[in-house]
Amino acid sequence: MEIKGNALKLKLILYFAAIILMPACKKQSVATNTDLPVVSGYLIPGQLLMVKLYQQKSITDTAKYGPPITGLKVYISDGSNNVQLTESTKGTYTYNQQSFLVAGKTYTLQFNYLTYAVSAKTVMPDKPLNFITQYGGVTISTTTTATTILDNLSWDNPNSLNHVLVFNNLDGSSFPLNNVGGNRPANFEINTNNASYYSLTESSFPYYGHYQIVLLRVNQEYIDLINSNTSSSTSQNLSQTPTNIVNGFGVFTAMQSDTLSFNVL
């Protein structure tokens, strides 16, 4: 099932991408070359192709990102065509031909930065199929327990591929579901661990409201980032954040999505 709101969907995905990439943007250790760039590139069919480039920054720097890297020639190839991205804003490089992104193709990012030839590869996965909800919403009552299964989300996944669920509460954090809910973010994501369903309970939701639930079919490089971000990060282990960038940090990956509308009352 697909609903309107592609702009919101992209904003949500990039929001979580920024959270995941924060450790990579902060890397600095004696074993790391601090001249290497940080890449944030997420290829999503139907969305503007966008790659963001940043300088690394000091661990003591409280800014979310380092300074943007400007003035570069950034290319992406699909194996047959090699296109140059346009720097639309400082450090943000885009390409607006949506037909360029096709399932099954391998995409290669390339650019030169200082003395480094930076590159990365990713494969565009197929779109998730048959993403459905059993009821379309749930009602939480005083008799509902935290572990009672209230609804099931399901999708086709015969080959046990990587999928991530992103929950976006369109009403924000105004209505906590319980005393614990107010301490959790309104928007969150869950690694489904290669499953084909996810069971929803009262504890799945920190707040009442209208949710947009996005199912992402993702590659292993994205899963690696999620897994690393759930572990504790300190100034001693920030340099261990996984990356698929040659001569850089961050991630260049591709994903496809489907979306459901869901109400928690």
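Annotations for the structure displayed:
- Candidate set from the stretch 182-198 (those that are polar (S, T, N, Q) and closer than 23 Å to Asp171 by Cβ); member that is farthest from the chain's Cα centre (by Cα): Asn183
- Number of residues in the stretch 62-107 that are at pLDDT below 95 and of a type in the set (Lys, Arg) equals 1.
- Taken over the stretch 79-116, the criterion of being surrounded by 12 or more Cβ atoms within 10 Å (Cβ to Cβ), of a type in the set (A, V, I, L, M) and either in a strand (DSSP E or B) or touching a residue at least 60 places away in the same chain (Cβ under 8 Å) (or both) is satisfied by Val83, Leu101, Ala103, Leu109.
- Scanning the stretch 117-151 for residues being surrounded by fewer than 17 Cβ atoms within 10 Å (Cβ to Cβ), part of a loop (DSSP other than H, G, I, E, B) and under 25 Å from the mean Cα position of the chain (by Cα) gives a total of 5.
- When residues of the stretch 152-168 are limited to those that are under 21 Å from the mean Cα position of the chain (by Cα) and of a type in the set (S, T, N, Q), the one surrounded by the fewest Cβ atoms within 10 Å (Cβ to Cβ): Ser160
- Extreme residue, modelled with the lowest pLDDT, among residues of the stretch 243-265 that are surrounded by fewer than 18 Cβ atoms within 10 Å (Cβ to Cβ) and either within 15 Å of the chain's Cα centre (by Cα) or within 30 Å of Asn178 (Cβ to Cβ) (or both): Leu265
The values are calculated or read from the model by the stated rules, or taken from the named source; none is laboratory data. These numbers come from a predicted model, not from an experiment. Positions of Cβ are backbone-derived with ideal geometry, glycine not excepted, and every protein chain shown enters the neighbour counts.
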